[in-house]
Amino acid sequence: ESGEAQYPADQIQVISIEALDDSGWGSAASVYAALELAAAAKPDVVNMSFAGWNTDANAAIAEGIVLIQEQCPGAALVAAAGNQGVDVAHVVPASLPGVIAVGACDENGEPLASSNYGQRVNCWVEAGSTSQASARQSAFLAAGTTAIQSASDETDAAEGQTASDDNADSGVYA
């Protein structure tokens, strides 16, 4: 056994929905529309590698999160904590209930100075930005979801592997 989990491509569905323009800017309405499309796809994991200020102008983002939570119970909602170096409570979607807020850290597990921080950050992932960190955490969760689903199909679930079994040195810090 190689020590690495193998997940056939046909077991992981990945869809990409663009909400921001080529320069990384978008509106709350464009993000809501993307979240609406994501909810229709019934995903196990939703990665949101962006952060916007938690203002009334971005209320549609919170509405999109609620929509996914209602239509896709149990889906993991993963969001970048943001790269402004402020408390994550000031940004959406990472500050919203039910969202896994992911901060970026260095190889020693120390948060990057640019990474948003605070009690709402659920985990730190080794990456150059919180966008990279949330994407990595989403992939980690997607692989774990597939492994758990595969293990539950086996007659002896004890033989199943989870992503955490095979990625003990994954660069994810809780």
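The values are calculated or read from the model by the stated rules, or taken from the named source; none is laboratory data. Because the structure is predicted, anything quoted here is derived from the model rather than measured. So basically every Cβ, Gly included, is an ideal-geometry build from the backbone, and we count neighbours across all protein chains shown. In case anyone asks, the SASA skips ligands and DNA or RNA and just uses the protein heavy atoms, side chains included. Shrake-Rupley method; radii C 1.70, N 1.55, O 1.52, S 1.80 Å.
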Cβ pairs under 9 Å, 6+ apart or interchain, first in segment 5-24 and more than 16 Å from Met48 (Cα to Cα), second modelled with pLDDT under 65 and in a loop (DSSP other than H, G, I, E, B), ordered by first then second residue, are Ala5/Gln161; Ala5/Thr162; Ala5/Asn167
How many residues of segment 101-121 are open to solvent by 10 Å² or more (accessible area, probe 1.4 Å) and farther than 22 Å from Thr55 by Cβ? The answer is 8
If we ask which residues in segment 48-81 are open to solvent by less than 30 Å² (accessible area, probe 1.4 Å), closer than 23 Å to Leu37 by Cβ and small (Gly, Ala, Ser), their number turns out to be 7
Residue check, Ala127 within 23 Å of Ala34 (Cβ to Cβ) and modelled with pLDDT under 95:
no
Over segment 36-47, the set of residues more than 20 Å from Gln132 (Cα to Cα), open to solvent by 40 Å² or more (accessible area, probe 1.4 Å) and not charged (D, E, K, R) is Leu37, Ala40
Taking segment 82-100 and keeping residues open to solvent by 10 Å² or more (accessible area, probe 1.4 Å), in contact with a Phe, Trp or Tyr (Cβ under 9 Å, 6 or more places away or on another chain) and of a type in the set (Gly, Ala, Ser) leaves Gly85
(1) open to solvent by less than 20 Å² (accessible area, probe 1.4 Å); (2) in a strand (DSSP E or B) all hold for Trp124 apart from (1)
Scanning segment 10-35 for residues that are modelled with pLDDT under 65 and open to solvent by less than 90 Å² (accessible area, probe 1.4 Å) gives Gln11, Ile12
